[in-house]
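The values are calculated or read from the model by the stated rules, or taken from the named source; none is laboratory data. Being a predicted model, the structure only gives us computed values, none of them experimental. Virtual Cβ from ideal backbone geometry, glycine too; neighbours counted across all protein chains shown. Ligands, DNA and RNA are stripped out before the accessible areas are found, and what is left, the full protein with its side chains, is counted by its heavy atoms. Shrake-Rupley method; radii C 1.70, N 1.55, O 1.52, S 1.80 Å.
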Amino acid sequence: MKEMIRENDERQNQDMDLDNVTKFLQGKTILVTGATGFLAKVFIEKILRLQLNVNKLYLLLRTSNDKFAAQRLKDEIISTELFRILRDKWGSNFDALISSKVIAVEGDISSENLGLEDSKLREELRKEIEIVVNSAATTSFNERYDVALGINTFGAFNVLNFGKKCDKIKLFLHISTAYVCGEKADMILEKRFYMGETLKGTHSINIFEEKRTMEEQLAQLQYHGAPDKAIKSSMKEFGLERAKLNGWPNTYVFTKAMGEMLLGHFKGDLPLVIIRPTMIASTYKQPFPGWIEGVRTFDSFIVSYGKGKLTCFPANPNTIIDVIPVDMVVNAMVVAMKVHYAERQHACQTIYHVSSSFRNPLTLSDLRNLFHCYFIRNPWIDANGLRVKVGQLTFFSKVNRFLLLMQLKYVLPLKL
């Protein structure tokens, strides 16, 4: 009985929180960068579903002109299956409501003033925007260093500088990643990065000097006439080298960490919220279960197993894999906006880790059992229309055993 009462109280509290968030969003004007990304799309749909009377959602899209920006908005965001619930709810009014609430803006976060060449539009944005949500990023682990720095580090800095010039700005919300914390074990606290901090702790890093070093490296390659393929490969290697030198495992998390440093150092009195999700998976409940776009993070692992191509894997089956549904990340974003809006008096910077491993840990063994059951009931159909049969995935917790298997199963037959 007590459990039923507790669950009922929790439901009532959730309903009250939802009502508060819905009221908060009324009349708000929000700028969203990286709007064609997986997380941003779910965020946009959530805002429109919660509060039709939001004033405007300005979506910064990288294209050649505003016409193409509007086309990208239609093709890559509004026309997706994600908006099915809203399309059904609004019926024939859907297109008109979207046109009145969602505005595509051609721009580029790697450019000063976000590449907004239309001065009239730029001033309009500066007069109206109250909240900036920066979700633009390149998430490739081994991205070219010049590209990753331009988007993840100085792109975030450019968005902050633009936001600080907006007359009504009350909050800057930045999407980072939990993996900026590196490869630490045990409990990872929600601690900020200070300017120049490195994970090794033996030295500091000058981010502007880092950019100059990158530009010199790129200029040297171009001066010597290196082909594009060689430049791309060299800049990828250079990024990884710089990341490991400073204690991060890859270019992605290194440049995201430097982005956080710039935001925290230069935000002034603007409230800053940094959301650090772990691996983002498909929707859990909203707007409907199971929506995902493309093959993401560990999805390639599951797809390879379903196709019968992955039969073993070098890992400890008791390893916890931290996965969080995308709608839970969006819920955290929306609630954080409500809670931290206009906290200027505290010059607030708040960090939230959005993850599952502490309260609801999922091990590799659990994951293996789940997708084994799934593909037994829903087998993959191959190109010939035949069902693919799968067995239980074998884990090798010791590397030498895995290498022995590779030798016996692949290397020796190939030599023969």
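Both radii are taken from the alpha-carbon atoms of the chain; with Rh as the Kirkwood radius, Rg/Rh is 0.99. Taking only protein heavy atoms and a 1.4 Å probe, the accessible area of the stretch 54-113 is 46% carbon and sulfur. Distance between the modelled labels on Tyr223 and Asn93, one decimal in nanometres: 6.4 nm (7 Å Cα→Cβ projection).
Rg/Rh for the stretch 230-315 to two decimals, with Rh computed the Kirkwood way over all alpha-carbon pairs. Kindly include the intermediate steps, with their values, before the conclusion.
Values: Rg = 18.4 Å, Rh = 16.8 Å.
That ratio equals 1.09.
The GNM of the chain, with springs linking C-alpha atoms under 10 angstrom apart, assigns the highest mean-square fluctuation among Gly155, Gly34, Gly91 to Gly91.
For the stretch 83-95, backbone phi angles converted through the Karplus equation (6.51, -1.76, 1.60; θ = phi - 60°) give residue-by-residue couplings of 8, 4, 4, 5, 4, 5, 5, 8, x, 5, 8, 4, 4 Hz, Gly and Pro being listed as x. Less than 5 angstrom separates the built amide H of Ile351 from those of Ile274, all sequence-distant by 5 or more or on a different chain. One Cα centroid belongs to the stretch 61-102, the other to the stretch 299-350; the line between them spans 26 Å.
Calculated accessible area for the chain comes out at 53 Å² per residue, all protein chains present (probe 1.4 Å; ligands, DNA, RNA ignored).
By the Stokes-Einstein formula, at 0.890 mPa s and 25 °C, the stretch 256-382 with its Kirkwood radius over alpha-carbon pairs has D equal to 142 µm²/s. Between the amide H of Tyr284 and those of Gly290, Val326, Asp327, Met328, distances stay under 5 Å, these residues lying 5 or more places away or on another chain, with hydrogens modeled in the peptide plane. Distance from the Cα centroid of the stretch 124-160 to that of the stretch 30-45 is 13 Å (rounded to whole angstrom). The rule of thumb for compact globular proteins, 2.2 N^0.38 Å, goes into the C-alpha radius of gyration of the stretch 135-227 1.32 times. Write down the percent of antiparallel bridges among all DSSP beta bridges whose residues are both part of the chain, to the nearest 5. About 5 percent, rounded to the nearest 5.
To put it simply, the accessible area of the stretch 169-216 at a 1.4 Å probe is 50 percent carbon and sulfur.
Under 5 Å from the amide H of Glu106 lie the amide H atoms of Leu61, each residue being 5 or more positions distant or on a separate chain, with H modelled from the backbone and absent for Pro and chain starts. Given a 1.4 Å probe and every protein chain left where it sits, what share in percent of the accessible area of the stretch 291-364 is carbon and sulfur? For the stretch 291-364, the apolar C and S fraction of the accessible surface comes to 56 percent. Rounded to the nearest whole Hz, the Karplus-based 3J(HN,Hα) values (6.51 cos²θ - 1.76 cosθ + 1.60, θ = phi - 60°) of the stretch 222-234 follow the sequence 5, 4, 7, x, 5, x, 3, 4, 5, 4, 4, 5, 5, with x at glycine and proline.
Got a sec? What order do Trp90, Trp380 fall in by accessible area at 1.4 Å, biggest, i.e. largest, first?
Trp380, Trp90
Converting phi to 3J(HN,Hα) with the Karplus coefficients 6.51, -1.76 and 1.60 and the offset θ = phi - 60°, the stretch 296-310 yields 10, 5, 7, 4, 4, 4, 6, 4, 4, 5, x, 7, x, 8, 10 Hz in sequence order, with x at every glycine or proline.
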